[in-house]
1. Return yes or no: is A:V158 closer than 30 Å to A:R28 by Cβ, surrounded by 19 or more Cβ atoms within 10 Å (Cβ to Cβ) and more than 9 Å from chain B (Cβ to nearest Cβ)?
2. What are the pairs, 6+ residues apart or on separate chains, where a residue within the stretch A:1-28 that is under 16 Å from A:A91 (Cα atoms) and in contact (Cβ under 8 Å) with a residue 40 or more places away in the chain has its Cβ under 8 Å from a residue that is in a strand (DSSP E or B) and among the β-branched types (V, I, T)?
3. Any idea which residue in the stretch A:26-61 is nearest to the other protein chains (Cβ to nearest Cβ), counting only those that are assigned to a loop (DSSP other than H, G, I, E, B) and crowded, with 19+ Cβ neighbours inside 10 Å?
4. Within the stretch B:15-33, restricting attention to residues that are out of contact with any Phe, Trp or Tyr (no Cβ under 9 Å at 6 or more places or on another chain) and of a type in the set (D, E, K, R), which residue is farthest from the other protein chains (Cβ to nearest Cβ)?
5. If you take the residues in the stretch B:45-95 that are among the basic types (K, R) and in a loop (DSSP other than H, G, I, E, B), which one is farthest from A:C15 (Cα to Cα)?
6. Among the residues of the stretch B:36-58 satisfying the criterion of being under 20 Å from B:M81 (Cα atoms) and among the aliphatic types (A, V, I, L, M), which is surrounded by the fewest Cβ atoms within 10 Å (Cβ to Cβ)?
7. Among the candidates A:E103, A:E59, which residue alone is more than 17 Å from A:M7 (Cβ to Cβ) and of a type outside the set (A, V, I, L, M, F, W, C)?
8. Would you please list the contacts, defined by Cβ atoms under 9 Å and residues six or more apart or on different chains, that run from a residue in the stretch B:77-95 that is closer than 20 Å to B:R49 by Cβ to a residue that is modelled with pLDDT of 85 or more and in a helix (DSSP H, G or I)?
Amino acid sequence: MGDKAIMATVWLDGCSGCHMSFLDIDERLIELADLMTLAYSPLVDTKDFPEMADVTLVEGAVSSEDDLAKIRKVRAHTKTLVSLGDCAVTANVPGMRNPFLTEDLYDRAYIENADANQHIPVNVIPPLRPNSYPVHQVVDVDVFVPGCPPSADTIFYVVSELLAGRQPDLSGRSRFGA
Amino acid sequence: MGRTITIDPVTRIEGHSKITIQLDDSGHVADARFHVTQFRGFEKFTEGRTFHEMPSLTARICGICPVSHLVASAKTCDQLMAVRIQKRAKICAAS
């Protein structure tokens with residue numbers, strides 16, 4: 001560990017595509033590994049969030065009570081919080097459910113479309129909030145990285161800059177949807 | 001009733017899940033469940049949208065396997081349009 005930065009990544013309501021783009025950094029991950037320790041992430045087995053992460057990348061929108069509890073905890077234990085990708089920045093695809101009532105969404109998926117065992121798995125799915133929110137609607141966000149997903153080059157640039165103590169300049173490097 | 005072992009979250013998979021393993025009094029596995037703990041409502045919110053949005057939207061179901069969703073959706077769109085796809089395009093789509 002030593003003086004390496006502590007980094008974490010979390011996914012809320014997303015598709016994991018941004019994390020795949022993070023992995024697409026490929027061999028440059030080794031460069032990053034010299035600078036930071038990935039202390040918590042869906043990509044590693046650690047179950048507990050570190051006491052204080054220097055940088056946390058957040059993928060996904062805030063859709064459920066679990067997402068809300070998780071992002072509040074992450075925010076309290078993170079110095080620089082990065083909204084990674086369009087779902088985190090705008091709610092994007094998860095936000096497309098917002099015009100609908102939650103009951104109608106459940107009915108369509110678990111009752112009308114179900115060939116067997118029609119019931120809403122209330123004890124399995126964390127309760128959904130009425131709407132899906134971008135991360136900055138519920139906690140403060142320090143860096144916004146749009147893209148669906150942001151390219152590996154963009155993510156590498158953002159993480160490298162932050163680990164070097166600089167604020168990344170994203171102009172021209174990423175845009176919504178691409 | 002014995003104890004319950006909970007693995008939450010399950011890591012190194014796409015998506016959100018947990019596993020609960022229910023043990024009986026003698027410590028043997030009585031029941032094991034894999035819980036998928038994410039719900040976005042694609043089944044509903046895609047209704048009424050234009051068909052040519054669907055390959056892009058369904059690809060966002062999963063960022064690890066977007067291609068399978070995209071190709072399945074594109075093939076459905078082909079059928080919807082009742083168009084004959086050229087052999088070369090079919091080969092490209094299937095690859």
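1. Working: closer than 30 Å to A:R28 by Cβ: yes; surrounded by 19 or more Cβ atoms within 10 Å (Cβ to Cβ): yes; more than 9 Å from chain B (Cβ to nearest Cβ): yes.
Yes, satisfied.
2. Hits for this filter: A:V10/A:T56; A:V10/A:V58; A:W11/A:V58; A:L12/A:V58; A:L12/A:V62; A:D13/A:V62.
3. Selected residue: A:P42.
4. Kept after step one, since they are out of contact with any Phe, Trp or Tyr (no Cβ under 9 Å at 6 or more places or on another chain), are these residues of the stretch B:15-33: B:21-33.
Next, from what is left, pick out any that are of a type in the set (D, E, K, R): B:24-25, B:31, B:33.
Details: B:D24: 20, B:D25: 23, B:D31: 14, B:R33: 8 Å.
Selected residue: B:D25.
5. Applying the first criterion (among the basic types (K, R)) to the stretch B:45-95 yields B:49, B:60, B:75, B:84, B:87-88, B:90.
From what is left, the residues that are in a loop (DSSP other than H, G, I, E, B) are B:49, B:60, B:84.
Values: B:R49: 20, B:R60: 6, B:R84: 32 Å.
For the stretch B:45-95, the residue satisfying everything is B:R84.
6. Step one: list which residues in the stretch B:36-58 are under 20 Å from B:M81 (Cα atoms), which gives B:46-58.
Checking the rest, the ones that are also among the aliphatic types (A, V, I, L, M) come to B:54, B:57.
On the way: B:M54: 20, B:L57: 17.
Ranking the qualifying residues of the stretch B:36-58, first place goes to B:L57.
7. On the way: A:E59 fails: more than 17 Å from A:M7 (Cβ to Cβ).
Result: A:E103 is the single residue among A:E103, A:E59 that is more than 17 Å from A:M7 (Cβ to Cβ) and of a type outside the set (A, V, I, L, M, F, W, C).
8. So the pair list comes out as B:C77/B:F51; B:C77/B:H52; B:C77/B:M54; B:C77/B:P55; B:L80/B:F51; B:M81/B:F51.
The values are calculated or read from the model by the stated rules, or taken from the named source; none is laboratory data. All values reported here derive from a predicted model rather than from experimental measurement. Note: ideal-geometry Cβ built from the backbone for every residue, glycine included; neighbour counts use all protein chains shown.
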